[in-house]
């Protein structure tokens, strides 16, 4: 049905479009003048064709975006030489007959659609007079599946139910509502901002910033001065502690130098060899003998 409708719309739009194109070309090449359109019949014809063209264009766009195609009959079985189909009327009568025994549900409108893959889908409107919607709809679905498979030998790709009317009498008890409220309240997570730690550290250039980055919050001048003074006092104490240690190290070095000097002198005296001492004695003896000869 949808294919036939699309073909009719396409052909009509093509004819109207061709008419307007020819009319425009004739007017452009001087075949018609503006005075020729100053006629009520011509104006009415052009307006009518314009409205028809707009309506058909809208229908064509609407049908192009339809996901399902409405069918008037459904294929039951076929072979190489023949095919057997069942109309929507047969499907409706069969569905209503087998569901009469369910007093809580009444079948309303029934439609058969073809999806994108060409499979048949059944859409059923239901009127319910019970609170057990899930159980009733599931029972209806089971009855329809078994009926169409046993009688016609077909299986629908899907059976969609639409509840168009429901007479229910359920009223929740106060105790059940209270329990449900407690459960929902326990699952609520309040949107509370996390408290940021106000820990400040001293940077290299002496600016106090919060730990982890900069901040837009200004620090009072008095508090900043106190923190800077505390930092300076701590630095002076460290310097004073380091200076006595340096003096002690210098004194230890001087003591080690003084202790090493006598040792060096003794080593120098010991370094004089016996040969040098013997030569000195021989020279003294020769001088004494020379003086004796002269006398």
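The values are calculated or read from the model by the stated rules, or taken from the named source; none is laboratory data. Here the structure is a predicted model, which is why all the values come from computation and not from measurement. Counting neighbours? That spans all protein chains shown, and the Cβs are built from the backbone with ideal geometry, glycine included.
Observations, loosely collected:
- Applying the criterion of being part of a loop (DSSP other than H, G, I, E, B) and surrounded by fewer than 16 Cβ atoms within 10 Å (Cβ to Cβ) to the residues of the range 114-134, the residue that is modelled with the lowest pLDDT is 116.
- Exactly one residue out of 22, 9, 41 is closer than 30 Å to residue 124 by Cα and in a helix (DSSP H, G or I), and it is 9.
- Applying the set (1) outside the structural domain of residue 154 (by TED's automatic domain parsing); (2) modelled with pLDDT of 85 or more; (3) exposed (fewer than 13 other Cβ atoms within 10 Å of the Cβ); (4) under 47 Å from the mean Cα position of the chain (by Cα) to residue 48 leaves exactly one unmet item: (4).
- Condition broken by residue 64, with the remaining ones in (1) surrounded by 11 or more Cβ atoms within 10 Å (Cβ to Cβ); (2) touching a helix residue (DSSP H, G or I) at 6+ places or on another chain (Cβ under 9 Å); (3) over 30 Å from residue 168 (Cα atoms) satisfied: (1)
- Test: residue in the range 69-82 that is under 26 Å from residue 125 (Cα atoms) and over 46 Å from the mean Cα position of the chain (by Cα): yes
Every residue, every condition in (1) over 42 Å from the mean Cα position of the chain (by Cα); (2) under 27 Å from residue 75 (Cβ atoms), yes or no:
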| site | (1), (2) |
| --- | --- |
| 122 | no, yes |
| 128 | no, no |
| 131 | no, no |
| 144 | yes, yes |
| 152 | yes, yes |
| 159 | no, yes |
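- Restricting the range 86-106 to residues that are touching a strand residue (DSSP E or B) at 6+ places or on another chain (Cβ under 8 Å) and part of a helix (DSSP H, G or I) leaves a set whose member that is modelled with the lowest pLDDT is 88.
- Residue match in the range 183-205 (condition: assigned to a strand (DSSP E or B), modelled with pLDDT under 90 and surrounded by 11 or more Cβ atoms within 10 Å (Cβ to Cβ)): yes
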